[in-house]
Amino acid sequence: DPKPGEEPAAYIFILVDTNIRAAGYEMDVGIAAQNITLAALEMGIGSCMMGAIDRAALKAEFSIPAHLELSLVMALGYPAQKPVAVEMASPDAYRDWLTPDGILHVPKRPLDEIIV
């Protein structure tokens, strides 16, 4: 939950037209969301993909027709921190930390542990 003044600047609803395709679109949704994320990042905009949403309430609030399924919501805004990936020191050292200068250190496993 963002603090007052730190709310996202915009939201994107990724909708699926079930008149065109009723199933099997999940990969396309993921590809679209990832491309939005990468394009936003290139412009200095942060993003957050949200799938755990109250779809019925959002569809009602925004008068989204029944044949359009709300698949994902993406929040966009200007990040308060500057995230950097750092190598995870040990398997239990997965928590991120923020330094006073606004650098968010996000531990990641080394590639040789995740690529087979």
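None of the figures in this text is laboratory data; all of them are computed from the coordinates on show. Computed from a predicted model, the values in this text were never measured in an experiment. Backbone-built Cβ (ideal geometry, glycine too); neighbour counts: all protein chains shown.
Would you mind calculating the gained length between Glu26 and Arg109 on full extension (0.36 nm times residue separation, minus the Cα-Cα distance), in nm to one decimal?
Details: separation 83, 0.36 × 83 = 29.88 nm, distance 2.68 nm.
27.2 nm is the gain from fully extending Glu26 to Arg109.
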Nitroxide proxy distance, nm - points 7 Å out along Cα→Cβ at Met49 and Val84: 2.7 nm
Crossing angle, helix 26-42 versus the chain [Cα axis fit, 0-90 degrees, rounded to tens]: 50 degrees
Cβ-Cβ cut-off under 10 Å around Val16, Lys and Arg +1, Asp and Glu -1: the net charge is -3
For every helix of n ≥ 4 consecutive DSSP H residues, a contribution of -39,500 (n - 2.57) applies; sum these over the chain, divide by its total residues, and give [θ] at 222 nm rounded to the nearest 500 deg cm²/dmol. -7000 deg cm²/dmol
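Quick one: grab the alpha carbon gyration tensor of segment 33-116, order the square roots of its eigenvalues as a ≥ b ≥ c, and give me rounded if a/c is under 1.5, else prolate or oblate depending on whether a/b is larger than b/c.
Details: a/c = 2.51, a/b = 1.90, b/c = 1.32.
Note, shape of segment 33-116 comes out prolate.
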Would segment 1-79 count as rounded, prolate or oblate if I go by the C-alpha gyration tensor, calling it rounded below 1.5 in a/c and otherwise prolate when a/b exceeds b/c, oblate otherwise? oblate
Given H placed on each backbone N at 1.01 Å, which residues far from Gly46 in sequence or on other chains put an amide H within less than 5 Å of it? Gly77, Tyr78
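In the chain, what percentage of the DSSP-assigned beta bridges are antiparallel, given to the nearest 5?
Working: 15 of 21 bridges.
Antiparallel: roughly 70 percent of the beta bridges in the chain.
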